[in-house]
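Just below is one structure, and these are the notes that go with it.
The values are calculated or read from the model by the stated rules, or taken from the named source; none is laboratory data. This is a predicted model, so every value here is computed, not measured. Note that each Cβ is placed from the backbone with ideal geometry, even for glycine, and that neighbours are counted across all protein chains shown.
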Amino acid sequence: MAGMIPDPLARPLGRIERFYWLLDQHSCTNFVLTAELDSGLTRRDLEGALERSWARHPRLRCRIAVDASGTVVLEPETAGPPGITEVEGPWRPIADAQLLARFPAGSHPLIRCHWVPSAAGPAAVFTFAHGLLDAGSAAAWLMELLADACGDGTAAPFPAHPAASDALYPARYRGPRGLLALLPVIAMDGVGKRFVGDPPPLPGAPPWETPRRTTTLQLDLNPQASTALLQRCRELGCTMQGALMAAQATALRAEHETDGPLPVGMAAALDLRPWLEPPLEPGTLGNHVSLLPVTVKVDPSAPAAPLAVELTRQLRAKLARGTGHLFWNLIPPDWFFPPDERSFPRLEAIGRAGPPATVVTNLGRLPDPPSALADQLRALRFTMAPQQGSPLCTGVATLGGALRIDLCFDGAHLSEERRARIVQRFAEALEGL
């Protein structure tokens, strides 16, 4: 491809990348970003932008493969970008189906694009393999791609960073020092577990069943409502992440037909880029996320506001202890997880050792797009596939002041009535914060 930037990325996968790749062989970890567009942007515009983007970004031109020694590696690939598949019908069922459409092992590219025309304007549905990119960097790339497709002309490559996240950890979190730092984290989590207890599975959802069908329900706050919610968070001293997790925990607790407080397990995604050495710029392509697991007792008669404050406190304490970095040290080494089916029962055993938990990933406020794109982009949505042990994964993104929430359920096990009830209670908890 003309103008291609040299590829610095041939290397073994880091801990984060390898874990998501391996998990994906067992329980699909795809996520989807959907751009709802006006009719001024055409499929041909997008195809041209994809060609230029593939030349700018070496990370996109990689496959994940197992080499002759049994090591899982990023391999450079010279083939071009994905083709754009045009399909008819509403875009949401297409996006939901893509969440569980696994990328074949060793395949390239690790991104798919569907173009869905409609009278209101087309939708571009992008599906990503989680081993290649995290959602934050995928969103930054997609915004750059769409701006280029609109003729903005200012697209530039993100810094190419060949190292995996764990190679950029602060020294206190690497090697033997990292293992020592892990001991107090395990101790604190153990104390918390004894105090709070083990969360029960969500009624109707077998806790370790692989999702076979996804169903996504949307909850949107317009700019005025989003601003009011953000102001309320500031008054309470909590973060938006804490508020969203409190709303989800409140909605899930109400599904249990028991009285009194009950443990609810959750996990928050954490962007590690600001916490690496050296820090990476926002949007640097790669997989630089971790998880902060939290278990809280939720009283069905209590308001969500104190819970949002408590969740914020716990997330900040875990961040200060380095739980985000050290989370991946809890994963056994590569020899325990060979890159084949022998790992599947071991993965499931580790999952069963922890409590069932739902996930909330908030991409935060995305940068305002350039004017050419702002005129064409009606909405950007982020959807994550549910997992074994996580029958609900919630993706959140804010663009142009509007907060868009996609609650993606294990649709094969959670009934339509239960899904609708959870979303309604989620909305009521946010409104009553």
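For the structure I just gave you, tell me whether His114 is in contact with a helix residue (DSSP H, G or I) (Cβ under 7 Å, 6 or more places away or on another chain) and either part of a loop (DSSP other than H, G, I, E, B) or under 24 Å from Tyr20 (Cα atoms) (or both). Let's see the steps before the verdict.
On the way: in contact with a helix residue (DSSP H, G or I) (Cβ under 7 Å, 6 or more places away or on another chain): yes; either part of a loop (DSSP other than H, G, I, E, B) or under 24 Å from Tyr20 (Cα atoms) (or both): yes.
Judged against the criteria, His114 is a match.
Can you find a residue in the stretch 371-391 that is at pLDDT 95 or above and either in contact with a His (Cβ under 6 Å, 6 or more places away or on another chain) or among the aromatic types (Phe, Trp, Tyr) (or both)? For the stretch 371-391, residues at pLDDT 95 or above and either in contact with a His (Cβ under 6 Å, 6 or more places away or on another chain) or among the aromatic types (Phe, Trp, Tyr) (or both): present.
Considering each residue of the stretch 198-257, count those that are among the aliphatic types (A, V, I, L, M) and in contact with a His (Cβ under 7 Å, 6 or more places away or on another chain), and give that number. It would help to see each step written out before you state the result.
Taking the stretch 198-257 as the starting set, the residues that turn out to be among the aliphatic types (A, V, I, L, M) are 202, 205, 217, 219, 221, 225, 228-230, 236, 240, 243-247, 249, 251-252, 254.
From what's left, in contact with a His (Cβ under 7 Å, 6 or more places away or on another chain): 205.
Of the residues in the stretch 198-257, 1 are among the aliphatic types (A, V, I, L, M) and in contact with a His (Cβ under 7 Å, 6 or more places away or on another chain).
Summed over the stretch 83-111, residues that are touching a residue at least 12 places away in the same chain (Cβ under 8 Å), at negative phi, part of a loop (DSSP other than H, G, I, E, B) and of a type outside the set (Phe, Trp, Tyr) total 12. In the stretch 270-290, the condition of being out of contact with any Asp or Glu (no Cβ under 9 Å at 6 or more places or on another chain), assigned by TED's automatic domain parsing to the domain that holds Cys238, on the phi > 0 side of the Ramachandran plot and crowded, with 18+ Cβ neighbours inside 10 Å is met by no residue.
Return the residues of the stretch 76-103 that are modelled with pLDDT under 90 and over 30 Å from Ile405 (Cβ atoms); say none if nothing qualifies.
Pro76, Glu77, Thr78, Ala79, Gly80
Being within 23 Å of the chain's Cα centre (by Cα) and either in the same structural domain as Ser290 (by TED's automatic domain parsing) or not in a helix (DSSP H, G or I) (or both) narrows it down to one of Leu22, Leu33, so name that one.
Leu33
When Gly242, Gly286 are screened for being small (Gly, Ala, Ser), part of a loop (DSSP other than H, G, I, E, B) and under 22 Å from the mean Cα position of the chain (by Cα), only Gly286 passes.
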